[in-house]
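Presented below is the structure to which this report refers.
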Amino acid sequence: QVQLVESGGGLVQAGGSLRLSCAASGRTFSTYAMGWFRQAPGKERELLAAISGSGGNAYYPDSVKGRFTISRDNAKNTVYLQMNSLKAEDTAVYYCAADKDDWGPQVGGLHAYDYWGQGTQVTVSS
């Protein structure tokens with residue numbers, strides 16, 4: 001069982017930046033594809049970014065492309081989501097997730113995630 005713990009959420013003004021972190025347990029982190037998702041009230045869960053096990057491939061939907069960057073430090077068992085130019089519509093609970101497959105260049109495709117964190121609230125004001 002992989003445990004994921006998100007941190008770094010909070011209240012930020014529109015136009016500001018925030019960096020989320022997700023710390024993973026286990027010793028096979030580098031084999032997992034990782035993703036960041038969010039869910040706002042009344043909306044479906046949305047994939048924001050995904051990264052392959054090695055970090056060599058990443059995916060972003062148009063809604064965040066150019067504003068959000070996913071990265072990982074496999075030596076620290078941590079994945080990050082750097083969020084810039086935040087908008088009020090970015091307000092949501094943000095979750096990280098792990099897939100037991102690394103997925104490589106297919107990391108943005110349709111696939112299941114096996115483990116989920118508890119989420120961290122991001123609120124963008126103004």
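Annotations for the structure displayed:
- By accessible area, using a 1.4 Å probe on protein heavy atoms only, the chain has 45% of its surface on carbon and sulfur.
- A Stokes-Einstein calculation at 20 °C with viscosity 1.002 mPa s, built on the Kirkwood radius of the range 55-114 over Cα pairs, returns a diffusion coefficient of 164 µm²/s.
- Listed by chain and number, the lysines whose C-alpha is less than 26 Å from the C-alpha of Lys100, apart from same-chain residues fewer than 8 away, are Lys65, Lys76.
- Å² of accessible area per residue within the range 11-89, as computed with a 1.4 Å probe and no ligands counted: 50 Å²
- Contact order normalised by residue count of the range 10-126, Cα under 8 Å, 6+ apart, percent: 36 percent
- Candidates Thr28, Thr78, Thr69: whichever shows maximal mean-square fluctuation once the chain is modelled as a Gaussian network with Cα springs under 10 Å: Thr28
- For Phe37, the shell of other residues with beta-carbons less than 14 Å away shows a net charge of -3, using +1 for Lys and Arg and -1 for Asp and Glu.
- For Tyr59, the solvent-accessible surface with a 1.4 Å probe is about 80 Å², rounded to the nearest 10.
- With the convex hull of its Cα atoms as the shape, the range 1-92 has an orientation-averaged projected area of 6.1 nm².
- Accessible area (Å², 1.4 Å probe, nearest 10) - Ser85: 60 Å²
- Counting only heavy atoms of the protein chains and using a 1.4 Å probe, Leu11 has close to 130 Å² of accessible surface.
- Taking Asp99, Asp90, Asp73 in turn, the Gaussian network model of the chain (Cα-Cα springs below 10 Å) assigns the largest fluctuation to Asp73.
The values are calculated or read from the model by the stated rules, or taken from the named source; none is laboratory data. Just so you know, these numbers come straight off a predicted model, no measurement behind them. Cβ coordinates were reconstructed from backbone atoms using ideal geometry, including for glycine residues, and neighbour counts include every protein chain displayed. Just the protein is used for accessible areas: all its heavy atoms, side chains included, with ligands, DNA and RNA removed. Shrake-Rupley method; radii C 1.70, N 1.55, O 1.52, S 1.80 Å.
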